[in-house]
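Step one of this worksheet: look at the structure below.
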Amino acid sequence: MKLYTFPIAPNPTKVRLYLAEKAALGGKIALEEVTVNLIEREQRSPEHLARNRFGTLPVLELDSGARLIESLVIIDYLERLHPEPTMFGPDPETWAQARQLERIADLGVLLPIGRIVHTTDSPVGYPANPAVAAYYRERLRPNLAHLEAELEDGRPFLAGERVTVADCTLAAALQFGRFRKLAFLDERPRLAAWDERYRGREAAKAVLVL
């Protein structure tokens, strides 16, 4: 299998963190990582568009030649291939809680931060749009508040005592903000402490560059 990816980009980073955390738990998944340089617009090359007509990352190319182009679908596929050690939870309830938190981190945090970055100081040249950035800042607030509240009980990770895909997604989102020197946790002390703690993990340090 081949994983087409790019450092900093949040969706590829989410998958790469998943792989690193899985390996740290003893479940290393063998695949080849191939960089597609978004800054150089390689995602618009004929070669990449042949892999994914949307021109996005990540892309997982299977040994069969089939390709998966959605980050959570890629993670789900790899998790089904290699269910142990789990990166969601060992039973239906904990699995569902981790999955729910991942969706909040993805749709409620990663997506707004991506929009804010690309309408404030886009690394690929999208025009600034202060109104759109302000709109997504407002959309971001309740989702960060929810995740802040989840940490009230002192849990080390978003879903409890063990790292899950939810942590990978949130870490990928926050790194993309740091890439453009945008901070989102000034009024979220528990999330700020989680962020510092998570970034200190060996798996995280192997993937995160900011």
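Among the candidates I75, I104, I8, I69, single out the residue that is under 27 Å from L210 (Cα atoms), assigned by TED's automatic domain parsing to the domain that holds L182 and of a type in the set (V, I, T).
Exactly one residue qualifies, and that residue is I104.
So, in the stretch 111-161, of the ones that are part of a helix (DSSP H, G or I) and touching a residue at least 60 places away in the same chain (Cβ under 8 Å), which residue ends up farthest from R190 (Cα to Cα)?
Selected residue: T120.
Being at pLDDT below 95 and under 19 Å from P112 (Cβ atoms) narrows it down to one of L210, L174, L191, L185, so name that one.
It is L210.
Given the conditions (1) touching a helix residue (DSSP H, G or I) at 6+ places or on another chain (Cβ under 7 Å); (2) surrounded by fewer than 20 Cβ atoms within 10 Å (Cβ to Cβ), which single one is not true for L208?
Here L208 meets the rest and fails (2).
Of the residues that make up the stretch 69-80, is at least one in contact with a Phe, Trp or Tyr (Cβ under 8 Å, 6 or more places away or on another chain), surrounded by 13 or more Cβ atoms within 10 Å (Cβ to Cβ) and in contact (Cβ under 8 Å) with a residue 40 or more places away in the chain?
yes
Per-residue answers, yes or no, for (1) in the same structural domain as T164 (by TED's automatic domain parsing); (2) under 27 Å from F88 (Cα atoms); (3) crowded, with 20+ Cβ neighbours inside 10 Å:
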{"residue": "V15", "(1), (2), (3)": "no, yes, yes"}
{"residue": "G26", "(1), (2), (3)": "no, yes, no"}
{"residue": "L31", "(1), (2), (3)": "no, yes, no"}
{"residue": "N37", "(1), (2), (3)": "no, no, no"}
{"residue": "E40", "(1), (2), (3)": "no, no, no"}
{"residue": "P46", "(1), (2), (3)": "no, no, no"}
{"residue": "A50", "(1), (2), (3)": "no, no, no"}
{"residue": "G55", "(1), (2), (3)": "no, no, no"}
{"residue": "P58", "(1), (2), (3)": "no, yes, yes"}
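The values are calculated or read from the model by the stated rules, or taken from the named source; none is laboratory data. Keep in mind that this is a model prediction, so the values were computed, not measured. Note that each Cβ is placed from the backbone with ideal geometry, even for glycine, and that neighbours are counted across all protein chains shown.
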